[in-house]
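No value in this document is a laboratory result; all are computed from the given coordinates. Keep in mind it's a predicted model, so treat the numbers as computed, not measured. When we count neighbours, we look across all protein chains shown, and the Cβ atoms used for this are built from the backbone with ideal geometry, even at glycine.
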Amino acid sequence: MRRHGFSSSSSSSSWTNNFPVQKCRCSEEELPFKTSWTKNNPGRRYWACPNYGTREFCGFYKWLDSEMCARSKQIIPGLLSKLNNLEDELNDFMIRERKLEAELREANSKRITMEKQLDVLKNEKKNFIVKLGVFFLVVVVVFYVLNSQN
């Protein structure tokens, strides 16, 4: 899960179609813009040399977005915190949903097994009643035959 917050790291983005192509002296390839999540530049996009932060850095660094106002910088951390909390809550609900779905599948499987057992027992009961009826019929016929001989 993606966490939203402030750090010195940044993430790449692959869509630059609406923006001018940016290249630095170190690379012939088009530079993707990145997103800053530092406290001073939350969510601000920029281009930088792929060697940024190393000794090979050529010095290319350019902001795509203009600087945010102080109020935005003040509000964004709280919004990101709320977003993280909501994502955590959603993740918890999704985990609970998967557990409940597994329990439901198990309960349905048990229900199907019990329905099959119930069908077997109903058939056994029906067979028993038929056999019991035949037995009583035989007993009645035997008594009738024995009584008619006397």
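Let a ≥ b ≥ c be the square roots of the eigenvalues of the Cα gyration tensor of the chain; is it rounded (a/c under 1.5), or, if not, prolate (a/b larger than b/c) or oblate? Can you show the working numbers first?
Working: a/c = 7.97, a/b = 4.50, b/c = 1.77.
The shape class here is prolate.
Can you give the angle from 0 to 90° between the axis of helix 70-149 and the longest principal axis of the chain, with both taken from C-alpha atoms, to the nearest 10?
The two axes meet at around 10 degrees.
Restricting to Cα pairs below 8 Å that are 6+ residues apart, what does the relative contact order work out to for the chain? Please round to a whole percent.
Numbers: 131 pairs, mean separation 23.1, N = 150.
Rounded, it is 15 percent for the chain.
Give me the lysines in straight-line cross-link reach of Lys110: C-alpha distance below 21 Å, same-chain residues under 8 apart excluded.
Leaving aside lysines fewer than 8 places away in the same chain, those within reach of Lys110 are Lys99, Lys122.
Of the chymotrypsin sites (Phe, Trp or Tyr not before Pro) in the range 35-101, which ones lie in a loop per DSSP and count no more than 16 other C-beta atoms within 10 Å?
Details: sites: Trp37, Tyr46, Trp47, Tyr52, Phe57, Phe60, Tyr61, Trp63, Phe93; in loops: Tyr52, Phe57, Phe60.
Hits after loop and neighbour filter: Phe57.
Compute, for the chain, the length of the dipole vector about the Cα centre, with Cβ point charges of +1 (Lys, Arg) and -1 (Asp, Glu) only. Units Debye, rounded to 20.
Working: 24 positive and 17 negative charges, 39 e Å.
Taking the Cα centre of the chain as origin, the dipole is about 180 debye.
Out of every Cα pair in the range 92-149, what percent are spaced more than 17 Å from each other?
Values: 1081 of 1653 pairs.
Counting every Cα pair in the range 92-149, those more than 17 Å apart make up 65 percent.
Give me the extension gain from Val120 to Asn85: residue separation times 0.36 nm, minus the current Cα-Cα distance, reported in nm with one decimal.
Numbers: separation 35, 0.36 × 35 = 12.60 nm, distance 5.24 nm.
Taking Val120 through Asn85 to full extension adds about 7.4 nm, to one decimal.
Please report the spacing between the Cα centers of the range 12-87 and the range 113-147 in Å, no decimals.
Cα centres, the range 12-87 to the range 113-147: 83 Å.
With Cβ to Cβ distances under 10 Å as the rule, what net charge do the other residues near Lys34 carry (K, R +1; D, E -1)? Provide the component values of the computation, followed by the final result.
On the way: positive: Arg44, Arg45; negative: none.
It works out to a net charge of +2.
When we measure straight from the Cα of Lys125, which lysines land under 21 angstrom away, once same-chain ones fewer than 8 places off are left out?
The reachable lysines, counting only those whose Cα sits under 21 Å from Lys125, are Lys116.
Below 20 Å, Cα to Cα, which aspartates and glutamates can Lys34 reach? Residues fewer than 8 away in the same chain don't count.
Filter leaves Glu56, Asp65, Glu67.
Counting trypsin sites (Lys or Arg not before Pro) as exposed when in a DSSP loop with at most 16 other beta carbons within 10 Å, what is the longest stretch of the chain free of them?
Values: sites that count: Arg2, Arg3, Lys23, Arg25, Lys39, Arg55.
Here the longest run is 56-150.
Going by the alpha-carbon gyration tensor, a ≥ b ≥ c the square roots of its eigenvalues, is the range 64-110 rounded (a/c under 1.5) or, if a/c is not under 1.5, prolate (a/b greater than b/c) versus oblate? Intermediate values should be presented prior to the final figure.
Details: a/c = 10.87, a/b = 4.46, b/c = 2.44.
Prolate shape, in that a/c is at least 1.5 and a/b is the bigger ratio.
At 7 Å along the Cα-to-beta-carbon direction for both Ser109 and Ser72, put a label point, then send me their distance in nm to one decimal.
That separation, rounded to one decimal, is 5.3 nm.
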